[in-house]
Amino acid sequence: MNAESTFHRPAGTAADGPYALDIHPKNAGWGYSSLRVLELPPGGHHSFATGESEWIVLPLSGGCTVAVDSGEEFALTGRDSVFSGVTDFAYVPRDAHVGIASESGGRFALTGARCSKRLPARYGPASSVPVELRGTGNCSRQVNNFGAAGVFECDKLIAVEVITPGGNWSSYPPHKHDECRPGEESELEEIYYFEIAEANGKPGLGYQRVSPSGHGQNTDVLAEVRGGDVVLIPDGWHGPSIAAPGHDMYYLNVMAGPGEAREWLICDHPDHGWIRGTWPEQPVDPRLPLYSAPAGEAR
C-alpha cells in the first residue's frame, strides 16, 4: 500500500464485518478518532460494545432506535438522505452496550473518539443543530454543527457535516490543526467521509487535497473521491474539497485529539488565508442553505 492509499480509502476497501466502513485508531495508525458506517435491512438489528470510545449514532438515510444497556432508548426519525435535511442523533458513552434497530432499514454513521470521561447517554434533536453558512461566492458551503465543540457536550469527539454545492470549493483556505498551541491551534486527527449527489442519473465525484505542513507524517494526498470514500488526515494542510459542477458534495468530519480542552482551533495556510478578506465583498451562494434545521420538537 503506497502512502497516498494509506490516507485515501475508496468505498468498500475499509469494510469489516457488519460495517461498510470501519476506521478506528489501530487501522488508521493514530490515537483517537473512529468512524463506522452501518447498513441495516428492513427489520435489521446490530449491537456493539462502545469500549474506550464515546459515540454519536447519526442517521445518513432512514431512521432507527438506539437502546443503551443502562436503560435509555432513543427513537431517531432520521432522514431520506444527507442532502434532504438535518437529522436527529443519539450520544452513547464509553463502557456501554448499544443496540441499533431499524424497522424500515437505513444507513447509519457511528462517529467515535477514545475518551476518559463517561458522560450520560443523550438524544440530540434535529431542531437543536446549528446550520451555519460559511464562506461566500464559490467558497460558500453549509455546515451542520451537530457535534461541534460548544454545541453538544462530548469528552473528546467533535463531528460536523459539510455540504458544498456543485462547482464550489470548501475546506478553503487550506488549514491545519496538527500542533497544540494554546489559544491558536488544537491537535486533532480528522476523518472525511464523502457522499456525492447524482445528477442526470449519473454518479458524481470530487477532489480532496492534503499537503505537508512539516509536522507528523507530512501527509500528502490528492484524491479523486466518490460516494463512500474516506480520507484520513493525521496532520497537514487540508483543503480544498472540490465539488464537481452539477454534483453537490457532502462530507462528514470526525475529529479528536489529545488536548485537555475540546476545541477546534485552526491555522490557515499562509499562502491562501488572504481569501477570507474577499468574502465580505461577495454574496453567499444562493443555493444555500440546501435546507435548515426544523422547528423545535417536543420529546
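Val151 meets each of the listed conditions (1) part of a loop (DSSP other than H, G, I, E, B); (2) open to solvent by 10 Å² or more (accessible area, probe 1.4 Å); (3) out of contact with any Cys (no Cβ under 8 Å at 6 or more places or on another chain); (4) more than 16 Å from Val86 (Cβ to Cβ) apart from (4). The number of residues in the range 282-299 that are in contact (Cβ under 8 Å) with a residue 60 or more places away in the chain, more than 30 Å from Glu72 (Cα to Cα) and over 23 Å from the mean Cα position of the chain (by Cα) comes to 2. Of all residues in the range 90-109, those that are in a strand (DSSP E or B), farther than 17 Å from Phe146 by Cβ and of a type in the set (A, V, I, L, M) total 3. The condition of being open to solvent by less than 60 Å² (accessible area, probe 1.4 Å) and either of a type in the set (Lys, Arg) or in a strand (DSSP E or B) (or both) does not hold for Val86. What about Thr6, is it open to solvent by 20 Å² or more (accessible area, probe 1.4 Å) and outside any strand (DSSP E or B)? Against the criterion (open to solvent by 20 Å² or more (accessible area, probe 1.4 Å) and outside any strand (DSSP E or B)), Thr6 qualifies. Evaluated against (1) open to solvent by 60 Å² or more (accessible area, probe 1.4 Å); (2) not in a strand (DSSP E or B), Gly228 falls short on exactly one condition, (1). The C-beta contact set for the range 262-275 (first residue farther than 23 Å from Ile158 by Cα and open to solvent by 70 Å² or more (accessible area, probe 1.4 Å), second residue part of a loop (DSSP other than H, G, I, E, B) and not charged (D, E, K, R), distance under 9 angstrom, 6+ apart or interchain) comprises Asp271/Pro173; Asp271/Pro174; Trp274/Pro173. Taken together, Gly78, Gly105, Gly112 contain a single residue that is farther than 29 Å from Pro234 by Cβ, small (Gly, Ala, Ser) and crowded, with 17+ Cβ neighbours inside 10 Å, which is Gly78. Across the range 20-30, not a single residue is classified as in contact (Cβ under 8 Å) with a residue 40 or more places away in the chain, closer than 22 Å to Glu72 by Cα and open to solvent by 40 Å² or more (accessible area, probe 1.4 Å).
Just one of (1) touching a strand residue (DSSP E or B) at 6+ places or on another chain (Cβ under 8 Å); (2) within 27 Å of Met249 (Cα to Cα) fails for Asn27. It is (1). Of note, Glu263 satisfies the criterion of being outside any helix (DSSP H, G or I), of a type in the set (D, E, K, R), under 21 Å from Glu184 (Cβ atoms) and out of contact with any Asp or Glu (no Cβ under 9 Å at 6 or more places or on another chain). Look at (1) under 22 Å from Trp274 (Cα atoms); (2) surrounded by fewer than 20 Cβ atoms within 10 Å (Cβ to Cβ); (3) of a type outside the set (Val, Ile, Thr) and you find that Asp178 fails only one, number (2).
Looking for whichever is aromatic (Phe, Trp, Tyr), touching a residue at least 24 places away in the same chain (Cβ under 8 Å) and open to solvent by 10 Å² or more (accessible area, probe 1.4 Å) here; the options are Tyr123, Tyr91. Which one fits?
Within the list Tyr123, Tyr91, the selection yields Tyr123.
Residues that are part of a loop (DSSP other than H, G, I, E, B), at pLDDT 95 or above, closer than 19 Å to Ile23 by Cβ and open to solvent by less than 60 Å² (accessible area, probe 1.4 Å): does the range 204-225 have at least one? Before you say what the answer is, go through the steps one by one.
To start, the set of residues in the range 204-225 that are part of a loop (DSSP other than H, G, I, E, B) comprises 204-205, 212-220.
Pick out the ones that are also at pLDDT 95 or above and you get 204-205, 212-213, 219-220.
Now drop any that are not closer than 19 Å to Ile23 by Cβ, which leaves 219.
Now narrow it down to the ones that are open to solvent by less than 60 Å² (accessible area, probe 1.4 Å): 219.
Looking for residues that are part of a loop (DSSP other than H, G, I, E, B), at pLDDT 95 or above, closer than 19 Å to Ile23 by Cβ and open to solvent by less than 60 Å² (accessible area, probe 1.4 Å), one finds at least one in the range 204-225, hence yes.
For Asn145, the conditions (1) within 22 Å of Glu263 (Cβ to Cβ); (2) touching a residue at least 60 places away in the same chain (Cβ under 8 Å) all hold with the exception of (2).
Taking the criterion of being free of Cβ contacts under 8 Å to residues at least 40 places away in the same chain and assigned to a strand (DSSP E or B), would at least one residue in the range 36-48 satisfy it?
Filtering the range 36-48 for residues free of Cβ contacts under 8 Å to residues at least 40 places away in the same chain gives none.
Within the range 36-48 (the criterion being free of Cβ contacts under 8 Å to residues at least 40 places away in the same chain and assigned to a strand (DSSP E or B)), the answer is no, since none of the residues qualifies.
The values are calculated or read from the model by the stated rules, or taken from the named source; none is laboratory data. What you are looking at is a predicted structure, and each value in this text was computed from that prediction instead of being measured. Ideal geometry is used to build each Cβ from the backbone, glycine not excepted, and the neighbour counts take in all protein chains shown. All accessible areas refer to the heavy atoms of the entire protein, side chains included, with ligands and DNA or RNA removed. Shrake-Rupley method; radii C 1.70, N 1.55, O 1.52, S 1.80 Å.
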